[in-house]
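Single-structure report; data block below.
Derivation of every value follows stated rules applied to the coordinates shown; laboratory data play no part. The shown structure was predicted, so the numbers you read here are calculated from the model rather than taken from an experiment. Virtual Cβ from ideal backbone geometry, glycine too; neighbours counted across all protein chains shown.
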Amino acid sequence: MNAMRTTLLLAGLTALLLVVGQALGGQTGMLIALVLAAAMNFGSYWFSDKLVLSMYQAREASPREAPILFDTVRELSARAGLPMPRVYVIESDAPNAFATGRNPQHAAVAATTGLMRLLSRQELAGVMAHELAHVQHRDTLTGAIAATIAGAITTLANMAQWGMLFGLGRSNENEGEGGGGGVFSSILMMILAPIAASLIQMAVSRSREYAADARGAAICGHPLWLASALRKLEQMNQRIMMPAAEAHPTTTNLLIINPLKAGNLATLFSTHPATEERIRRLEEAAGRPLKSSGGVSSKRDPWA
């Protein structure tokens, strides 16, 4: 059911791109948008991982450079029955992580230096298990395609704004009295299209986050590890800015926690469910609430 719902939402996002193209450029605009959609879907399939990793200036890490992260991912991948993904590190104080890649055989996981400093080894395992769940569910490609098309719609709307700014007078002269309606429709489209794209992208992402939380908890075997990590990440990401995410807000659906600051317009269309609700569900899965200290430990786990 989730797969069908996601497919329909992605189809809706692509259709919206075509509608925007037609509204802003007629049949020529729709044709351009169609070619753009095809090219972006092709590019997302083959190159989305490289593009996203480049945006966040991630560097591939060796077992010697990041031994704890590397060993944690290797152990969890074996538990999940997944190939070992490539492991990347992002130089950022903002604690966050994401997974990318078109399929489990071509996957990569990335963690910030801030995340590795902040979390205990058990909490790190919870976060990496969540990211591997995205790989296992093949959410990484879906999220990349959604982010790419949503970004294209926003770019088209912005380009149209500049076009109207410099060509509005000429358009009115050529269209006569009926030009006002066309101009009004175009302005309305420029405002509403990015909002609609964000809403669809949000719908694609939110249910996937809950599913990845549940599967991640199963992979590491301790739901409270992830719950504790989410609480710390939520608190710290409201205090520390992540410039790469601010510069590329359509990619934040890939991250485990929304890094955009409260008050940023993009947070009104957050692709992440409320963190407290995610924690509540993980607590239910564990059968007990998370301690107020936020710490977790276990003598039986391999990361103790």
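Rounded to whole numbers, the Karplus 3J(HN,Hα) couplings from phi for segment 94-109 are 5, x, 6, 7, 7, 10, 8, x, 6, 6, x, 6, 10, 9, 9, 10 Hz, using 6.51 cos²θ - 1.76 cosθ + 1.60 with θ = phi - 60°, and x at Gly and Pro.
How much length is gained on full extension from MET241 to GLU276, taking 0.36 nm per residue of separation minus their Cα-Cα distance? All intermediate terms of the calculation are to be shown ahead of the outcome.
Numbers: separation 35, 0.36 × 35 = 12.60 nm, distance 2.08 nm.
Gain in length upon complete extension: 10.5 nm.
With a simple spin-label model that places each label point 7 Å from the Cα along the Cα-to-Cβ direction, the separation between THR28 and ARG74 comes to 5.8 nm.
Between the amide H of SER92 and those of THR113, GLY114, distances stay under 5 Å, these residues lying 5 or more places away or on another chain, with hydrogens modeled in the peptide plane. Between GLU283 and ARG59, the modelled labels are 4.1 nm apart [label points 7 Å from Cα along Cα→Cβ].
Our coupling estimate for segment 125-132, obtained by passing each phi through the Karplus curve with A = 6.51, B = -1.76, C = 1.60 and θ = phi - 60°, is 4, x, 5, 5, 5, 4, 5, 5 Hz, Gly and Pro reported as x.
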